[in-house]
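Worksheet: the structure to be examined is printed underneath.
Just so you know, all these numbers are worked out from the coordinates, no wet-lab data involved. Quick caveat: nothing in here was measured; it's all calculated off a predicted structure. As a convention, Cβ positions derive from the backbone with ideal geometry for all residues, glycine included, and neighbour counts pool all protein chains shown.
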Amino acid sequence: MSTGPCSTDCLADVVPTAPAGLRRRRAVALAAALARASARPPAGDGRRHAVCTAARLLTSAGVRVSVLPPATPWPTGPVLVVANRVSWVDDLALRTAVAAVPTEDGAVWPGLPTVRADQVAAALAGGRSVLARPEATTSCGTELGRFRPEAFTAALVAGVPVCPVAVRARVGGRPSTVTAHLTGESWWRSAARVLGATDLVLEVQALPAVDPRRGTAVEVAALAEYAVAGVLEADPPRPISHPRRPRTHAGTDSAAGISPRTPAPR
């Protein structure tokens with residue numbers, strides 16, 4: 001369930017466009033896919049099972065995923081992938097698009113592998129790529145939250161690159177908050193909005209890797225945050241009722257000594 005600060009005002013522009021019959025068929029297909037996902041996973045390739053399960057759930061809900069490669073290819077070997085966080089929809093989309101095991105702070109799907117937060121450094125050192133969500137809360141997707149430096153500590157300890165990813169929802173080619181999962185909402189209520197959308201695409205934009213040797217966890221977190229914000233905030237705010245705060249402003253973070261929305265100086 002979402003823990004973000006957004007409200008139903010953030011959904012002012014979301015209107016069901018799929019016919020009622022299509023929504024019912026999608027709901028039945030999604031329920032069947034959920035039941036299948038909850039079954040005992042087959043022995044063998046856990047990555048393949050996770051990708052197929054996530055793709056099946058998204059397809060049944062009428063969601064397509066578009067993966068955009070980074071301008072500079074990611075390094076080979078284990079990496080820490082970090083992405084913005086909106087809801088269960090982008091959790092599934094990232095499972096299909098990124099070869100990394102998610103941490104447990106995202107949506108937990110029965111039968112799909114995750115990595116405990118205290119095991120991320122060990123997983124990276126052991127050669128496994130890990131997917132982390134550095135924002136403290138989920139939101140409607142209009143505004144990117146600050147990336148928590150502690151989410152990047154494992155990458156610095158293991159000495160592996162940090163690979164940012166920006167995920168955004170589009171309906172009919174336009175930005176949308178339809179995939180939001182608001183505080184206090186049931187999962188099915190959030191799913192009902194997704195089922196009612198037509199031409200819903202989750203764009204997964206991979207961005208150039210950040211070298212952890214470029215600074216501290218605070219500095220690397222700021223670099224990754226600004227890379228993702230550069231993609232997400234190129235779009236206008238989706239609901240007018242949720243205006244976006246300026247990313248750069250006066251004032252400093254007392255703990256880190258830097259502006260909360262400005263990269264640390266070099």
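If we count other beta carbons within 10 Å of each Cβ, what is the order of Glu104, Glu203, Glu225, fewest first?
Listing Glu104, Glu203, Glu225 from fewest to most nearby Cβ atoms yields Glu104, Glu203, Glu225.
May I ask you to compute the full-extension gain from Asp211 to Asp199, defined as 0.36 nm times their residue separation minus their alpha-carbon distance, rounded to one decimal in nm?
0.7 nm
Just to compare against my own numbers: the Cα pair-distance distribution for the range 8-232, 5 Å bins, whole % per bin, please.
Once binned at 5 Å, the Cα pair distances of the range 8-232 give 1, 7, 15, 19, 20, 16, 11, 7, 3, 1, 0.
Please provide three numbers in whole Å: the alpha-carbon extents of the range 27-86 along the principal axes, with the largest listed first.
Taking max minus min along each principal axis of the Cα atoms, the range 27-86 gives 41, 28, 17 Å.
When Lys and Arg each count +1 and Asp and Glu each count -1, what net charge do the other residues less than 10 Å away from Pro102, Cβ to Cβ, add up to?
-1
Just to confirm the filter: which trypsin sites (Lys or Arg not before Pro) across the range 94-138 are DSSP coil and have at most 15 other Cβ within 10 angstrom of their Cβ?
Answer in residue order: Arg116.
I need Arg213, Arg174 ordered by Cβ neighbour count within 10 Å, fewest first.
So the residues, fewest neighbours to most, are Arg213, Arg174.
What does the extension gain come out to for Ala20 and Thr59, with contour length at 0.36 nm per residue minus their alpha carbon separation?
12.3 nm
Once you put a point 7 Å from the Cα of Ala35 and another 7 Å from the Cα of Glu104, both along the Cβ direction, what distance in nm separates them?
About 2.9 nm separates the two model spin labels.
Taking the Cα atoms of the range 101-166, what is the range of coordinates along each of the three principal axes, in descending order and whole Å?
Result for the range 101-166: principal-axis Cα extents of 36, 29, 18 Å.
Could you compute the net charge surrounding Pro134? Neighbours are other residues with a C-beta less than 9 Å from the C-beta of Pro134; K and R count +1, D and E count -1.
+1
Give, rounded to the nearest 20 debye, the magnitude of the charge dipole that the range 8-232 has about its Cα centre when Lys and Arg contribute +1 at Cβ and Asp and Glu contribute -1 at Cβ.
Rounded to the nearest 20 debye, it is 860 debye.
Expressed in nm to one decimal, what extension gain is obtained for the pair Trp188 and Val157 from 0.36 nm per residue of sequence separation less their Cα-Cα distance?
Stretched out fully, the Trp188 to Val157 stretch lengthens by 7.2 nm.
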